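Please read through the structure below; I'll follow up with questions.
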Amino acid sequence: MNNRIVEQSTIVVSSQQVSGDLLDGEVAILNLPDGVYYSLTDVGGRIWNLIQQPKTVHELNEILLQEYDVDPEICSHELMDLLQDLANHGLIIINNDPDT
């Protein structure tokens with residue numbers, strides 16, 4: 001899962017996890033292969049809910065810019081950081097193939 005994340009990358013939730021919404025927008029995620037739980041709050045939880053259907057990084061960024069009062073550069077940088085972290089833990093798949 002070491003694909004590079006770019007704006008055109010499509011983000012897909014891994015089938016090797018289960019997740020559920022908790023209170024106040026928090027999301028709990030269980031990585032099935034290693035049994036480790038992860039938690040996302042606030043914006044991270046929103047992003048997790050958005051990627052339950054495959055979306056490009058560009059689409060995610062545009063949605064976040066519409067929903068939150070945030071500088072576009074900061075939004076893009078922090079989105080990429082979160083997605084890379086999720087990918088590093090095997091919770092998402094980064095698809096850079098434009099034909100899928």
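Every number in this text was worked out from the coordinates using simple rules, so none of it is lab data. As the structure is a prediction and not an experimental result, all values here were calculated from the model. Counting neighbours? That spans all protein chains shown, and the Cβs are built from the backbone with ideal geometry, glycine included.
LEU23 to GLU7: extension gain in nm, 0.36 nm per residue of separation minus the Cα-Cα distance?
2.7 nm
What spacing in nm lies between the two simple spin-label points modelled at HIS89 and ASP69, each 7 Å away from Cα in the Cβ direction?
Rounded to a tenth, the inter-label distance reads 3.0 nm.
On to the next question. Select from VAL70, VAL27, VAL12 the residue whose mean-square fluctuation is largest in a Gaussian network model of the chain (Cα-Cα springs shorter than 10 Å).
So, out of VAL70, VAL27, VAL12, the one fluctuating most is VAL70.
Using modelled backbone amide H atoms (1.01 Å from N, in-plane), which distant-in-sequence or interchain residues come within less than 5 Å of ILE93's amide H?
VAL12, VAL13, SER14
Read through the labelled values (i) 12.2, 36; (ii) 19.5, 57; (iii) 13.0, 38 and report the label of the one computed as Rg and Dmax of the Cα atoms in Å from the structure.
Evaluating Rg and Dmax of the Cα atoms in Å on these atoms matches (iii).
Next question. With a point put 7 Å past each Cα toward its Cβ, work out how far HIS58 is from ASP34 in nm, to one decimal.
Computed distance between label sites HIS58 and ASP34 equals 3.3 nm.
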